[in-house]
Amino acid sequence: MKRIINFYIEGFKSLQSHGIKLWIIIMIKLFIIFFILKVFFFRDFLDTKFDNNTDKSNYVIEQLTKQ
Amino acid sequence: MVDFDVALVDWSRAQFALTAIYHWIFVPLTLGLSFIVAFMHTMYYKTGDEEWKNMTKFWMKLFGINFAIGVATGIILEFEFGTNWSNYSWFVGDIFGAPLAIEGILAFFLESTFIAVMFFGWERVSKKFHMLSSWFVAFGSNLSAFWILVANAWMQNPVGMQFNPDTVRNEMANFFDVALSPTAVFKFLHTVSQAYIIGSLFVIAVSAWFILRNRHILFARKSILIASVFGLLSSIFVAFTGDSSASDVAQTQPMKLAAMEALYDGEVNADMYTIGVLNKAEDNDNFTGIRIPGMLSILAFRDANAFVPGVNDLVNGNEEQNILSAEARIEKGKIAIKALADYKEAKKQNKNKLAAEKLLEFEANYEHFGYGYFNNKREIVPNVPLTFYSFHIMVGLGLLFILLFAWLLYASLKQKIIQNKFLLHISVWSILFGYIASELGWVVAEAGRQPWTIQDILPVSVSTSHLNVGSVQTTFFIFLGLFTILLIAEIKIMVTQIKIGPDEKGGSHV
């Protein structure tokens, strides 16, 4: 386990400037995707409206069959 | 009938298309370049030649830049399913979820574990394990693509499932029917092999640029040789898998095939159009250009005398060919929708006998279910000129790539590549056309299958969530901004590293 951790530490330590830049981009991107977009803009539509699967299926069937 | 907000549907579609198109800028390069890097790495492992090591490191660095910028952009598509397409997401049930979950658990972890070894492993792990990790990354990323394409193929050809009217979800009846349907297999093979073309064109474009600048000549010549062999094999394979895919489309999505060829009135011994333009007329005389007699019948059914249905046959029906009209299917679809509603109501009131009758009625008409959402038979026709031109430009470029790779290979073997400035200039620009062909392939697949989210079962118009249009517009522009920034960052970092060139002293890594 220690060897694996050291492998990663050594790997990150030896990064060149463009490698560091890429990791910064990855971190910013993941933060935007998971902590801004997912939390504020992309909540699961059915999860936000209903607590259980029965209510969800009733809602969807109503959507699909309303005349 | 069910009402839906056209603006909401259009913005949701536009957002999904935007995200998918941007995502597809990064993916094919990852898929293609990974195998080229793995091959070079293997050559270094086998020969110990420092030149191979330099090549591996340089292309691995560019692979890493693309991977880093592109990683997780596909997750956004999954967010969109839950938010913008909730009716669809619920309706598909575990069929769509299972391949995506397998992709996430198996392939992604395989890929992401070994990518660390690939980049950090120089002089830290054994040479053999390091080389194998490059192959694991290549196979892992291609395995990821397989599961995503299985999910997409199921939407184009829904098989291996059973609809549960109580939960209103499709349930997987046979995993192997879903994962190994001909649509999924051909789609995977066609998609990844065209990604290998992108990888090859990228290596060729950068290497040609080096030669034109009179830099890293040996490195560039060797890279072009490898990429042209890989590209030639891939582009020939793409032609075969494209042929198989088109034949599969003829069986499962005849309207898409009719749109791809702008075939309005079906015929036996149907011609295939090559180079030319469409006229406005919606009949079979709508094309000015070169036709190959009988080729479409052969492509679709392997028989020059086979009947290929046209748009009008599928809309108006053709008794002789046993094709039901769209009007008849709309009627049956409406019966299915009403039967489903009545079934649910009867169940609620504990009228089990009535529920059983309605369920039988529903099941008898389920294959037409999606048609019940249309009021006009012409609604089942996709955008014919868009599908036609996308298909023909893609095929035309695909054939040109075969010639380009063959020419490059010939010039490389004859050691005439450095003198041929014209070929080098074409090579530099070829990557742009590779991307055009690649994106157009998705336009054919996705625009050509309209108006369906799930072929014949669920139209796009009823797949969306009831959201405020403004919120979809907002996220559309957020994505436009975010992806554009990522693309600019990718190009900028990539161009900087290309300008620096390979470290011929065998230096550092990403």
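The values are calculated or read from the model by the stated rules, or taken from the named source; none is laboratory data. Note that this is a predicted model, so its numbers are computed, not measured. Neighbour counts run over all protein chains shown; Cβ positions are idealised from the backbone, glycine included. Note: areas computed on protein heavy atoms with side chains; ligands, DNA, RNA excluded. Shrake-Rupley method; radii C 1.70, N 1.55, O 1.52, S 1.80 Å.
Table for the structure above
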read-out	value
Per-residue HN-Hα couplings for the stretch B:145-152 [Karplus 6.51, -1.76, 1.60; θ = phi - 60°; Hz; x = Gly/Pro]	4, 4, 5, 5, 6, 4, 4, 5
Estimated dipole of chain A in Debye, rounded to 20 [Cβ of Lys and Arg +1, of Asp and Glu -1, Cα centre]	420 debye
Average beta carbon contacts from partner chains per residue of B:80-90, 10 Å cutoff	5
Among B:Ile217, B:Thr191, A:Ile25 - extreme Cα towards positive end, dipole of the protein assembly as shown, charges at beta-carbon	B:Ile217
Euclidean distance of C-alpha centroids, the stretch B:269-343 and the stretch B:1-67, integer Å	35 Å
Chains B and A, summed buried accessible surface - 1.4 Å probe, Å², nearest 100	4000 Å²
Bins of 5 Å from zero: percent of alpha-carbon pairs in the stretch A:2-65	4, 14, 12, 11, 11, 10, 9, 7, 8, 7, 6, 2, 0
Label-point gap, in nm, between B:Leu324 and B:Phe301 - each point 7 angstrom along Cα→Cβ	2.0 nm
Pairwise label distance in nanometres, A:Arg3 with B:Ile217, each label 7 Å out on the Cα-Cβ vector	4.6 nm
Dimensions (Å) - the stretch B:377-488, Cα atoms, principal axes, largest first	62, 37, 19
Contact order relative to length of chain B, as percent, for alpha carbon pairs under 8 angstrom and 6 or more apart	21 percent
Dipole magnitude of chain B, debye to nearest 20 (Cβ charges: Lys/Arg +1, Asp/Glu -1, about Cα centre)	2180 debye
Chain A: trypsin sites (Lys or Arg not before Pro) falling in loop per DSSP and having at most 14 other Cβ within 10 Å	A:Arg43, A:Lys66
Percent accessible area from carbon and sulfur atoms, the protein assembly as shown, protein chains only, probe 1.4 Å	64 percent
For the protein assembly as shown, calculated [θ]222 nm from helices alone, where every DSSP H run of n ≥ 4 adds -39500 (n - 2.57)	-23000 deg cm²/dmol
Listed residue (B:Phe39, B:Tyr371, B:Leu8) projecting farthest to the positive dipole end of chain B, Cβ model	B:Phe39
Per residue value of the accessible surface for the protein assembly as shown (all protein chains in place, 1.4 Å probe), Å²	44 Å²
Exposed-site-free run, longest, chain B (rule: trypsin sites (Lys or Arg not before Pro); DSSP loop; at most 10 other C-beta within 10 Å)	B:1-279
Per-selection metrics, the protein assembly as shown (Cα): Rg and Dmax in Å	25.7, 84
Compactness of the stretch B:306-384 - radius of gyration and Dmax, Cα, Å	15.5, 52
